[in-house]
Amino acid sequence: MSKRFAAHPAAGRAHLALLAVLALILGVLLNGLVNALPAHADTASGVSIDLGGAGGGGFVADAYGSGGSADSLPGGAATFPNWGPTVAHPIAASVWNTSRVGESHYVVPGLTPGVSYQARLYFMDWYFTHAGQREFDVAVNGTKVLTNFDIIGTAINAGADGQEAFGVERDFPVTVDASGTATFDFTRDGADQPQVNAIVLVPANSNGVSIDLGGAGGGGFVADAYGSGGSADSLPGGAATFPNWGPTVAHPIAASVWNTSRVGESHYVVPGLTPGVSYQARLYFMDWYFTHAGQREFDVAVNGTKVLTNFDIIGTATNAGADGQEAFGVERDFPVTVDASGTVTFDFTRDGANQPQVNAIVLVPTS
């Protein structure tokens, strides 16, 4: 063998040993880099997590969590996963087929501190068939948002038969904390163990926001948020008679939202909007206490500008042809431009008689 290609055995072993060490170091570095990367590439614009599952359909695989155990639907696909009465924002059918069962804790990182999101939590119970068999608590950023939550009971109350698997969605506003995270805790309470299928975080107000004043949300609305003052109230005796009445309601909303309101002087500041962007503000009112014009009159201001003076819900409905003896919904729309701080403010203040009463605030982008 020529000297050009000859290699000393000891030198060859040294080269191999050096390569092995370099490979090991490189492997450790790469592994650390992969493990350090978030499971979602762009949590600032939202994240969707398939709890207990491998992801797909816009969802990342189960990430950011601890506790509980992964589980999957026995026997195939769910029967009614994206059922309209309980699911406002349908998700991939495959995501419904996996879940995390047991107490668990999720910390979603990489978000922008102070930014508002809508947290959408998805639940489906394929084990039980009766209300009360599974009840658990849910907290978002340390604040309890669901107590003794009953998936089966919620579906049955919405009209499900309880014998098949029905998906249930619950939405909540959440503001990212100073560390850039949002936390979710699913803990035991009334019966058995928590079960949850998916966590979705979407920027709360980039495409508008709908707020159920005095209520728990649903039908595309978030629970009462961003407000102070007044008190929550609900319609006595059941559903409203004419909530989405054509002559006074241009854009119908979920009937359930009409059945709750905030009564008394209140102040709402809706955050997380883009400064300078134009929205249509839709305000929804219904008075189930009074029956005559002039018994309730109040003022409304948007971004500090008064848009309604001595506003009379009953009088407005009566002038449009209502009889005044039943509950008629009234909608009033106004253009609004987001201020420099990225917020829109609403003030409901006393004027001619009694207290303000308002059921919902909706902001829809117009530009």
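Calculate the spin-label point distance for T305 paired with V364, positioning each point 7 Å from the Cα along the beta-carbon direction, and give it in nanometres.
So the two model labels end up 2.0 nm from each other.
Could you work out the relative contact order of region 93-185? I mean the mean sequence separation of Cα pairs under 8 Å and 6+ apart, divided by the number of residues, in percent.
44 percent
Please list, ordered by chain and number, the residues whose modelled amide H lies under 5 Å from the amide H of V145; skip anything fewer than 5 residues away on the same chain.
For V145, the qualifying residues are V138, A139, V140.
With springs connecting C-alpha atoms under 10 Å apart, model the chain as a Gaussian network and identify which of S179, S48, S72 has the largest mean-square fluctuation.
The residue with the greatest mean-square fluctuation here is S179.
Is the shape of region 132-213 rounded, prolate or oblate, going by the alpha carbon gyration tensor and its root eigenvalues a ≥ b ≥ c, with a/c under 1.5 for rounded and a/b larger than b/c for prolate?
oblate
From the phi of every residue in region 293-303, what ³J(HN,Hα) in whole Hz does the Karplus formula 6.51 cos²θ - 1.76 cosθ + 1.60 yield, where θ is phi - 60° and glycine or proline is x?
4, x, 7, 9, 9, 8, 10, 10, 10, 10, 6
Rounded if a/c is under 1.5, else prolate if a/b is larger than b/c, else oblate: which is the chain, with a ≥ b ≥ c the root eigenvalues of its Cα gyration tensor?
Prolate, since a/c reaches 1.5 and a/b exceeds b/c.
When a/c is below 1.5 the answer is rounded, else prolate if a/b is larger than b/c, else oblate, so apply that to region 203-298 with a ≥ b ≥ c taken from the square roots of the Cα gyration tensor eigenvalues. Spell out each step's value before the answer.
Values: a/c = 1.69, a/b = 1.54, b/c = 1.09.
Prolate, because a/c is 1.5 or more and a/b exceeds b/c.
Per DSSP H run of n ≥ 4, the term is -39500 (n - 2.57); total these for the chain, divide by its residue number, and report the mean residue ellipticity at 222 nm rounded to 500 deg cm²/dmol. Kindly include the intermediate steps, with their values, before the conclusion.
Working: 5 runs with 50 residues, N = 367.
Calculated mean residue ellipticity at 222 nm is -4000 deg cm²/dmol.
Send over a whole-number figure in Å² for the accessible area per residue of the chain, probe 1.4 Å. List each step's numbers first, then the result.
Values: 16260 Å² over 367 residues.
With all protein chains present, the chain gives 44 Å² per residue.
Can you tell me the relative contact order of region 148-288? Whole percent, Cα pairs under 8 Å, sequence separation 6 or more.
21 percent
Can you list the HN-Hα couplings for region 267-276, worked out from phi with the Karplus curve (6.51, -1.76, 1.60; θ = phi - 60°), rounded to whole Hz and with x for Gly and Pro?
Working through the residues one at a time gives 9, 10, 10, 8, x, x, 9, 8, x, x Hz.
Taking amide H positions as placed 1.01 Å from N in the peptide plane, with prolines and chain starts having none, which residues 5 or more places from E265, or on another chain, fall under 5 Å of its amide H?
Under 5 Å from the amide H of E265 lie the amide H atoms of G230, each far enough along the sequence or on another chain.
Which angle from 0 to 90°, rounded to the nearest 10, does the C-alpha axis of helix 9-36 make with the longest principal axis of the chain?
Relative to the chain, helix 9-36 is tipped by roughly 10 degrees.
Counting alpha carbon pairs within less than 8 Å and at least 6 residues apart, what relative contact order, in whole percent, applies to the chain? Please list the in-between numbers first.
Numbers: 922 pairs, mean separation 55.4, N = 367.
Once divided by the residue count of the chain, the mean separation gives 15 percent.
Ignoring ligands, DNA and RNA, what percent of the accessible area of the chain is carbon or sulfur (1.4 Å)? Walk me through the numbers before you get to the answer.
Numbers: 9050 of 16260 Å².
With neighbouring chains kept in place, the figure for the chain is 56 percent.
Hey, rough spin-label estimate for R188 and H105, points 7 angstrom out along Cα→Cβ, what's it come to in nanometres?
Between R188 and H105, the label points sit 1.7 nm apart.
Starting from the Cα of Q163, move 7 Å in the Cα-to-Cβ direction to define the label point; list residues of region 111-154 whose amide nitrogen is under 14 Å from there.
Of the residues in region 111-154, 129-130 have backbone N under 14 Å from the label point off Q163.
The values are calculated or read from the model by the stated rules, or taken from the named source; none is laboratory data. All figures in this text were calculated on a predicted structure; none of them were measured in a lab. Here the Cβ is made from the backbone with ideal geometry for all residues, glycine too, and neighbour counts use every protein chain on show. The accessibility values were calculated without ligands, DNA or RNA, using every heavy atom of the protein model including side chains. Shrake-Rupley method; radii C 1.70, N 1.55, O 1.52, S 1.80 Å.
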